[in-house]
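Student: Below is one structure. I have some questions about it.
The values are calculated or read from the model by the stated rules, or taken from the named source; none is laboratory data. Predicted model, so just to flag it, every value in this text is computed and none were measured. As a convention, Cβ positions derive from the backbone with ideal geometry for all residues, glycine included, and neighbour counts pool all protein chains shown. These accessible areas exclude ligands, DNA and RNA; they are computed on the full protein's heavy atoms, side chains included. Shrake-Rupley method; radii C 1.70, N 1.55, O 1.52, S 1.80 Å.
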Amino acid sequence: MKNLLIILLIIPILGFSQRKKNRDTSAVIIQPTRIEFEKDGDDSDFYVVPGDLDGILVVEETSESGRGGGWQWKLSMVDTALQVRWSQNLVIPTDGSIIGYEYFDGRFYLLFNKSRYRSEDLLVYQFTAESPDFITYEITTVFPIEIFHFESIGETLLIAGYANFRPVVITYNISDRIPRVVPGFYDNKNEILDLTVDDDSKLFTVIMSEKMRNKKYTVRVKTFTDKGDIIQDNLINPGERKSLLDAASTTFSGGLQYLAGTHSKKSLQYSQGFYLSKFINGQQQFNKYFAFADLNNFFGHMKPKREERIMNRIERKRAKGKVKKFNYRLLVHKILERDGEYIMIAEAYYPRYNYSSNNSFSPYGGFGNRGFGSTNPYFLGYKYTHAVVLGFDQNCNILWDQTFKIEDIQTYSLEENVVVSASGDRVILMYLEENEIRSKVVEGNKIVEGRTFNPVKLSFETDELKSKDPSVEGLKMWYDETLFAYGEQSIKNVSGIGGKTNRKVFYINKIQYDLDRQPN
């Protein structure tokens, strides 16, 4: 009986393992090269700064002491062939920490706090791809600021965050080295949703959530020159009954600007659909709303029977002249532009909690907070379910929509996981999880290549992956139709190829795709 129980337990595991082995690999994804950086232990953290055709700046935070005190930070510049061009060491104060990094027009920037106790004292290091020589900028914001955004544009560094719970945007010109507060933010308690830059026009846009008189929320979008001079201020009028929860913006071009995001009637946590808005020279042309039930493929990530049940409910409501409502939390990405068409991306997620009983003795009377057992929620992280991608035209009509199932990803802070790129009429969606590049290729409402799973390619054929850290891996756009995957791995090679039989590494794999190739 005991042996039978063991067999019954093993069969599902073997079945899962076999299904994993039989999963399809993509015909369009190529991994031409890879680089590894050896990790001596668990006391180092890596950061990667993509710089288009200038390569990638790899930054390693170590626990090694540097000259004059502080910790050593090791920097390596790698080119597009993943060959190291130069290496450099920095010594950062013991209390210092990295809070941002950025690339613009041949320059790489690293932003540090000098001390965790004085957030107004900042250090910026500037590098180029050609030389390990660097320029240091010491910035004092005068008042403490909690920084959430760091960008560069032209000769200007942009810093945005909150001071005394109020929004602040600061420009810092690297020529005159003077920080300036951009007016029009600190006097209110609005939330900064995003800060985006347009490299070509050298303009930056600040997207903010703003409370209206009727206690609903809308979105304000301000566009500035790189010197901080305002050129356009757009406030979306959502009507009396809706709140706008977030927004993504296209680049500001000739007075034309599109905004896209999610909306709700009551909840500020859950959205009930998408909105698309068009502005010309600061004047709102229209605002269009779309319920999730209006989309063709919003529930396509589900199992077929469940999707069919939901679509039947939608049709029954529609037959009565009503719209079936669904509530989702969505993380909205930046908008992609493609030949007069715009592509919006969002990831659906939900917070996970572990509810545990608290029976600890309380000096105020008995057990728990009120003299009896209580349940305290413990936050486990955000679980992601699927990505939604939709294309819309210049009149904000939705042309197509697709979904992409997300599995196994859970993060403690909200992060963009899915990378979306377009080539011709086709769009590829990718994310990295558990050492696999998971992808899907679509063309409008048509699926060209279904969900596929490509293992991250190792350096040698005799390499064997022993373990990986799913919390330290990711996928980033690099240049043209090229991305890179990165993460930490423990690898065994019984032949000793690569210098050791066991090695722990931080890796970068170059990823390319050819959407003209036919799927298997």
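Student: Please determine, by comparing only the residues of region 418-456 that are part of a loop (DSSP other than H, G, I, E, B) and touching a Gly at 6+ places or on another chain (Cβ under 8 Å), which one is nearest to Val332 (Cα to Cα).
Tutor: Of region 418-456, the ones part of a loop (DSSP other than H, G, I, E, B) are 418, 424-425, 434-435, 444-445, 456.
Filter once more, so that each one left must be touching a Gly at 6+ places or on another chain (Cβ under 8 Å): 425, 435, 444, 456.
Details: Asp425: 22, Asn435: 25, Gly444: 20, Val456: 27 Å.
This residue is Gly444.
Student: Hey, another quick one. Does Asn354 satisfy being out of contact with any helix residue (DSSP H, G or I) (no Cβ under 8 Å at 6 or more places or on another chain), in a helix (DSSP H, G or I), open to solvent by 60 Å² or more (accessible area, probe 1.4 Å) and of a type in the set (S, T, N, Q)?
Tutor: Working: out of contact with any helix residue (DSSP H, G or I) (no Cβ under 8 Å at 6 or more places or on another chain): yes; in a helix (DSSP H, G or I): no; open to solvent by 60 Å² or more (accessible area, probe 1.4 Å): yes; of a type in the set (S, T, N, Q): yes.
The answer is no for Asn354.
Student: Tell me, please, whether a residue that is of a type in the set (D, E, K, R), under 27 Å from Leu515 (Cα atoms) and touching a residue at least 12 places away in the same chain (Cβ under 8 Å) can be found in region 62-77.
Tutor: No, region 62-77 contains no residue that is of a type in the set (D, E, K, R), under 27 Å from Leu515 (Cα atoms) and touching a residue at least 12 places away in the same chain (Cβ under 8 Å).
Student: Same structure, new question: Search region 461-520 for residues being of a type in the set (Gly, Ala, Ser) and part of a strand (DSSP E or B), and hand back the single one that is surrounded by the most Cβ atoms within 10 Å (Cβ to Cβ).
Tutor: The residue in question is Ala485.
Student: What tally of residues in region 317-346 results from selecting those that are surrounded by 15 or more Cβ atoms within 10 Å (Cβ to Cβ), farther than 22 Å from Tyr384 by Cβ and within 29 Å of the chain's Cα centre (by Cα)?
Tutor: Adding up the residues that qualify gives 2.
Student: Mind listing whichever residues of region 116-142 are buried (at least 19 other Cβ atoms within 10 Å of the Cβ) and either assigned to a loop (DSSP other than H, G, I, E, B) or of a type in the set (D, E, K, R) (or both)?
Tutor: The answer is Ala129, Thr141.
Student: Looking at (1) small (Gly, Ala, Ser); (2) open to solvent by 50 Å² or more (accessible area, probe 1.4 Å); (3) assigned to a strand (DSSP E or B), which is the one condition that is false for Ser76?
Tutor: (2)
Student: Now a separate question. Determine if region 244-260 includes at least one residue that is under 14 Å from Leu330 (Cβ atoms), at pLDDT 90 or above and of a type outside the set (A, V, I, L, M, F, W, C).
Tutor: For region 244-260, residues under 14 Å from Leu330 (Cβ atoms), at pLDDT 90 or above and of a type outside the set (A, V, I, L, M, F, W, C): present.
Student: Would you be able to tell me the number of residues in region 45-60 that are open to solvent by 10 Å² or more (accessible area, probe 1.4 Å) and either assigned to a strand (DSSP E or B) or not hydrophobic (A, V, I, L, M, F, W, C) (or both)?
Tutor: The qualifying residues number 7.
Student: Something else now. Out of region 92-115, which residues are outside any strand (DSSP E or B), closer than 19 Å to Gly68 by Cα and open to solvent by 20 Å² or more (accessible area, probe 1.4 Å)?
Tutor: Once the filter is applied, which keeps residues that are outside any strand (DSSP E or B), closer than 19 Å to Gly68 by Cα and open to solvent by 20 Å² or more (accessible area, probe 1.4 Å), region 92-115 yields Pro93, Thr94, Asp95.
Student: For residues that are over 27 Å from Arg34 (Cα atoms) and surrounded by fewer than 21 Cβ atoms within 10 Å (Cβ to Cβ), tally how many sit in region 405-445.
Tutor: 9
Student: Here's something else I'd like to know. Please specify each residue of region 263-316 satisfying the condition of being polar (S, T, N, Q) and either open to solvent by less than 40 Å² (accessible area, probe 1.4 Å) or assigned to a loop (DSSP other than H, G, I, E, B) (or both).
Tutor: Applying the first criterion (polar (S, T, N, Q)) to region 263-316 yields 264, 267, 269, 271-272, 277, 281, 283-285, 287, 296-297, 312.
Residues satisfying the conditions are Ser264, Ser267, Gln269, Ser271, Gln272, Ser277, Asn281, Asn287, Asn296, Asn297.
Student: Another question, if that's okay. Got a number for residues in region 141-159 being hydrophobic (A, V, I, L, M, F, W, C), farther than 21 Å from Tyr117 by Cβ and modelled with pLDDT of 95 or more? First the steps, then the outcome.
Tutor: Going through region 141-159, the residues hydrophobic (A, V, I, L, M, F, W, C) turn out to be 142-143, 145, 147-148, 150, 153, 157-159.
So of that shortlist, the ones also farther than 21 Å from Tyr117 by Cβ come out as 153, 157-158.
Narrowing the set further to residues that are modelled with pLDDT of 95 or more leaves 157-158.
The number of residues fulfilling the criteria is 2.
Student: Residue by residue through region 215-243, note down the ones that are hydrophobic (A, V, I, L, M, F, W, C) and open to solvent by less than 60 Å² (accessible area, probe 1.4 Å).
Tutor: Residues satisfying the conditions are Val219, Val221, Phe224, Ile236.
Student: Kindly indicate whether Val448 is open to solvent by 20 Å² or more (accessible area, probe 1.4 Å) and β-branched (Val, Ile, Thr). Steps first, answer last, please.
Tutor: Numbers: open to solvent by 20 Å² or more (accessible area, probe 1.4 Å): yes; β-branched (Val, Ile, Thr): yes.
Against the criterion (open to solvent by 20 Å² or more (accessible area, probe 1.4 Å) and β-branched (Val, Ile, Thr)), Val448 qualifies.
Student: Working only within region 464-508, note down all residues that are under 29 Å from the mean Cα position of the chain (by Cα), of a type in the set (Gly, Ala, Ser) and within 17 Å of Arg34 (Cα to Cα).
Tutor: Those that are under 29 Å from the mean Cα position of the chain (by Cα), of a type in the set (Gly, Ala, Ser) and within 17 Å of Arg34 (Cα to Cα): Gly474, Ala485, Gly487, Ser490.
Student: Sticking with this structure for a sec: Within region 389-417, track down each residue that is over 26 Å from Asn287 (Cα atoms), part of a loop (DSSP other than H, G, I, E, B) and polar (S, T, N, Q).
Tutor: Result: Ser413, Asn417.
Student: Identify the single condition in (1) touching a residue at least 24 places away in the same chain (Cβ under 8 Å); (2) on the phi > 0 side of the Ramachandran plot; (3) not hydrophobic (A, V, I, L, M, F, W, C) that Asn164 does not satisfy, given that it satisfies every other one.
Tutor: (1)
Student: Could you say which residue among Glu191, Glu151 is touching a Ser or Thr at 6+ places or on another chain (Cβ under 6 Å), surrounded by fewer than 20 Cβ atoms within 10 Å (Cβ to Cβ) and charged (D, E, K, R)?
Tutor: Glu191 is the lone residue from the list that is touching a Ser or Thr at 6+ places or on another chain (Cβ under 6 Å), surrounded by fewer than 20 Cβ atoms within 10 Å (Cβ to Cβ) and charged (D, E, K, R).
Student: If you don't mind, another one. Are any of the residues in region 206-214 at pLDDT 90 or above, more than 25 Å from Glu151 (Cα to Cα) and buried (at least 19 other Cβ atoms within 10 Å of the Cβ)?
Tutor: no
Student: Another question, then. Residue by residue through region 143-191, note down the ones that are assigned to a loop (DSSP other than H, G, I, E, B), of a type in the set (A, V, I, L, M) and farther than 14 Å from Asp229 by Cα.
Tutor: The answer is Ile145, Ile174.
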